[in-house]
1. Which ones in segment C:278-301 are modelled with pLDDT of 95 or more and in contact with a Lys or Arg (Cβ under 8 Å, 6 or more places away or on another chain)?
2. Just give me the residues in segment B:210-233 being assigned to a loop (DSSP other than H, G, I, E, B) and more than 22 Å from B:ASN163 (Cα to Cα), in sequence order.
3. Among (1) farther than 24 Å from C:PHE242 by Cβ; (2) modelled with pLDDT under 95; (3) in contact with a Leu (Cβ under 6 Å, 6 or more places away or on another chain), where does C:ILE178 come up short?
4. Out of all the residues in segment C:186-224, which are in contact (Cβ under 8 Å) with a residue 40 or more places away in the chain, polar (S, T, N, Q) and under 29 Å from C:GLU283 (Cα atoms)?
5. From the list C:GLU240, C:GLU248, pick out the single residue that is out of contact with any Cys (no Cβ under 7 Å at 6 or more places or on another chain) and within 14 Å of C:ILE203 (Cβ to Cβ).
6. I want to confirm something. Restricting to segment A:1-23 and keeping residues that are outside any strand (DSSP E or B) and of a type in the set (Phe, Trp, Tyr), which single residue is surrounded by the fewest Cβ atoms within 10 Å (Cβ to Cβ)?
7. Scan (1) modelled with pLDDT under 95; (2) closer than 30 Å to C:THR265 by Cα; (3) outside any loop (DSSP other than H, G, I, E, B) for the single condition C:THR149 breaks and write down its number.
8. So, of the residues in segment B:24-36 that are within 16 Å of the chain's Cα centre (by Cα) and crowded, with 19+ Cβ neighbours inside 10 Å, which turns out to be nearest to B:GLY83 (Cα to Cα)?
Amino acid sequence: MWPFGEGEDFLENQWYVAAWSSEVTSDQPFERWICGQPVVFYRDPEGKAIALHGRCPHRNFPLGKARVRGNVLECGYHGFQFGPDGNCVRIPSQDTIPDVCRAPAYVLVEKWEWLWIWVGDPTRANPDWIPDHNEIRLTEPGWFAVPATTNHLNGRAQLLHENLTDISHLSYLHPGTIGTDSVAATQVEITKHDGFLRGLRMISNEKLTGFFKDALGTEGPLDREVLIDFYPPNLHVAREKFIEPGGETIAQYRVCHAVTPATTTSTNYLVAWTRTFARDSQEITDTVNSVFAAIIDEDVNAVEAVENMISGQQQPLEVLVAADTHSMRARRIMKKLFADQSASAVDRAPRQ
Amino acid sequence: MWPFGEGEDFLENQWYVAAWSSEVTSDQPFERWICGQPVVFYRDPEGKAIALHGRCPHRNFPLGKARVRGNVLECGYHGFQFGPDGNCVRIPSQDTIPDVCRAPAYVLVEKWEWLWIWVGDPTRANPDWIPDHNEIRLTEPGWFAVPATTNHLNGRAQLLHENLTDISHLSYLHPGTIGTDSVAATQVEITKHDGFLRGLRMISNEKLTGFFKDALGTEGPLDREVLIDFYPPNLHVAREKFIEPGGETIAQYRVCHAVTPATTTSTNYLVAWTRTFARDSQEITDTVNSVFAAIIDEDVNAVEAVENMISGQQQPLEVLVAADTHSMRARRIMKKLFADQSASAVDRAPRQ
Amino acid sequence: MWPFGEGEDFLENQWYVAAWSSEVTSDQPFERWICGQPVVFYRDPEGKAIALHGRCPHRNFPLGKARVRGNVLECGYHGFQFGPDGNCVRIPSQDTIPDVCRAPAYVLVEKWEWLWIWVGDPTRANPDWIPDHNEIRLTEPGWFAVPATTNHLNGRAQLLHENLTDISHLSYLHPGTIGTDSVAATQVEITKHDGFLRGLRMISNEKLTGFFKDALGTEGPLDREVLIDFYPPNLHVAREKFIEPGGETIAQYRVCHAVTPATTTSTNYLVAWTRTFARDSQEITDTVNSVFAAIIDEDVNAVEAVENMISGQQQPLEVLVAADTHSMRARRIMKKLFADQSASAVDRAPRQ
């Protein structure tokens, strides 16, 4: 699907943020679509999170409407039970259980408040490929990280990736909060790092207004270092660093944007943020969360408006400019990943 | 359409429950889609129910928005009138009436509170093929029958047929009312009868709880004979008989489930029930109707959830087990009926 | 699309009523889909109305969510600015502006309270082809014209054209207001004029009831001259003239119905009316507007009901009768226009 090729809808052999830890309990299952698949989550009595294919193999009932019974999930229609490995362990009407009667388990890794899922070939799931949670400051000492927002948006994931890798939109989509003319006017410098692609903007000597002025308690002027790191294909980590004329950093925060495809034209969007300042202040947490909620709503609305405009078009027109450099570099990485996936599928074909 | 072949959507030369008697009046037309066709119902001044194709042949206006004028139906757009045989009897702007200007009439038979319709070739409509209403206890002396629920559900009819022929779901979908573990655990015995396919479960010595305990005023233990008879392709008659250890039946009731396809993926579902006990008690009628309404809602939600899961899939996976025996026998009968219909269509082709 | 050929969806080289003057301001853009295209309208500081293609060429954001900045429109996503000619005049991140970066301007003509748009080849847009607003009495001295209703209906435009060219529906769709049996029963006389096709009904010696009796303050009997002129492909002008037995006209009014395709299956419907009587009476304006609103709702509902009935059908059945003469003549004109458009597209093909 545009901007990728036909049938290039999901990168399956990748890690995605699937859910917040708090969304998954041992009381009742939690359903979320990921990469075109219904996934059902629950916890066993020891609290271990489990993810199974969310469709009962018996008669296609959604396991999102199942019941949690200890460490098994019991289908809400005819009572088939599935264990943490996805194998069926009980069929009420018979004792033998056919091998095909499974709700395949997904590999799941819980880190910080996030459940990371691998929807592809489980033998290839290497937890080391999950972005380092210290590096992205969710678990780094001296930082305080909190969940911010959870959205399901009606637009293809790539539109959200390109929203995040072209923050020249801040000035126009978020003028009431974090947008200033300087962001769109400043050239972005792209650099490739181990595991992520960085877009950096250095803004000098800017007078603060609105949200930033209120949050930092000064109107500056300050230098701002604005960067956004893309960890393909799922995560963007934005950072704002505010620097005094003398060179001292007075505050910084990071925002981690997890972009997880739900279906070909809808996306799960989970946002966390982490800060070095006022770490004990519930008031700061609440205030910024509510500002973020408003900002993310603007992004969701923008992506949905674009999806609506291009819906049904095979190859929409687009004019690419300097501000798109980061987006286009990121898109090229995604294209490469899709090409690799297609190639490896072709490789495998004769063996099947 | 799955689980049948491509183009095998509706069995047309069959009787279907179309409406409740009370839904069809001489005041205004009543529209319901049946087997992919819009059907409009009304009564003539003598009270005879009439069913016509629900689309004005002039300009495709729905006759569901027509007016009843004595024994004719007057289109609400340009005033064309159609008689009980479907022939146009008046065109306001001209005196001659083209033969093609018809809203073909359907064969309709009113029995008990039900209007049975034949949507296929009217020359083949034999009222004797309608299930005997004494046999199903709607009109049998000693029984008292009432309408229970009317639903239009967004799911293909076959999913509802298979809900009804696998009542092992009672234990899991309706645990708060009629479900007990015993139903799912008891083997079903299938027998073929004249006009219907019976699934029978004998449950011994069960302690009653919930709805049954309240309704019968005892917690037993009692033996239960639970059967469901499928009259293809439209009707399921469920029966519960409660038997004392000594062998005496203390109560029984039947529930008649009419499953009438609306479109390929939606279904009209009309449910009646009939009983031998407390026949004069409006309170029992009201109480049980409200319990049934809750139960039928659970079934409707389950079927819609499955439809949603398989939507767009050509051939969904399913794993069939002992509890599906009745469903699979019933499905085979439906497949045979579709095959007969296709064969007879091929037969007819050269003659057209 | 039926009743025209495949791909014959929109006549592009034609004038259409796009909007009311009052809908387009210099405060914020106004979006309306016309002939399958998103169009965004605004006014420059001098009040001149401007229409641009409503999709930003950069990243497909709807310009309906842009901001008006003097005489330019600034995209609400990344701040690209477009001038009244559709050329991009600012890209925040770079100084050079690619030629392809345009939101093409549409030719727009403001007459009376209507903005007329030409969505096809701008070099062929001749304002003289817009129906004469004196002739249709919107600007004629001695007449007083007001906007009546604005609707977006879910039905193809041709269904509304054929609603308007077969006013035998008045008697059946609008019996509570303007419908009388006489209209449907009276033969229509069709005559071709310069720029329009007229359908005329002469009704003699009719006793007035309901709306007409109230509005004119008499129950007659009067003669009525009922005509409707179709200016292809966009406008219908209906006229009622009430004539005393002696031959004197006591009142007349016209209703101008603009039928502008939005998408293939939805239509913008803007209605104005103009009168010779009680021109200063706000009460008459308000009363008649509210009657018209109810009548137009009935038409909208009828067209949507028909669209719903024929949706998905390639070639719905229709039986054409005397009352359809005007509709069929009008349909033939539309078919000829589509054929001409296809022929000229074929002509042009070798030159491209």
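The values are calculated or read from the model by the stated rules, or taken from the named source; none is laboratory data. All of these numbers come straight from a predicted model, not from anything done at the bench. Counting neighbours? That spans all protein chains shown, and the Cβs are built from the backbone with ideal geometry, glycine included.
1. None; the set is empty.
2. B:GLY217, B:THR218, B:GLU219, B:GLY220, B:PRO221
3. Only one criterion in (1) farther than 24 Å from C:PHE242 by Cβ; (2) modelled with pLDDT under 95; (3) in contact with a Leu (Cβ under 6 Å, 6 or more places away or on another chain) is unmet by C:ILE178, namely (1).
4. C:ASN205, the sole residue that qualifies.
5. Among C:GLU240, C:GLU248, only C:GLU240 is out of contact with any Cys (no Cβ under 7 Å at 6 or more places or on another chain) and within 14 Å of C:ILE203 (Cβ to Cβ).
6. The first filter runs over segment A:1-23 and keeps only residues outside any strand (DSSP E or B), leaving A:1-14, A:21-23.
If we keep only those that are of a type in the set (Phe, Trp, Tyr) too, we end up with A:2, A:4, A:10.
Details: A:TRP2: 14, A:PHE4: 18, A:PHE10: 21.
If we take residues in segment A:1-23 being outside any strand (DSSP E or B) and of a type in the set (Phe, Trp, Tyr), then A:TRP2 is surrounded by the fewest Cβ atoms within 10 Å (Cβ to Cβ).
7. Failing condition for C:THR149: (1).
8. Applying the first criterion (within 16 Å of the chain's Cα centre (by Cα)) to segment B:24-36 yields B:32-36.
Add one more test, that the residue is crowded, with 19+ Cβ neighbours inside 10 Å, and what stays is B:32, B:34-35.
Details: B:ARG32: 19, B:ILE34: 21, B:CYS35: 23 Å.
Checked segment B:24-36; the qualifying residue nearest to B:GLY83 (Cα to Cα) is B:ARG32.
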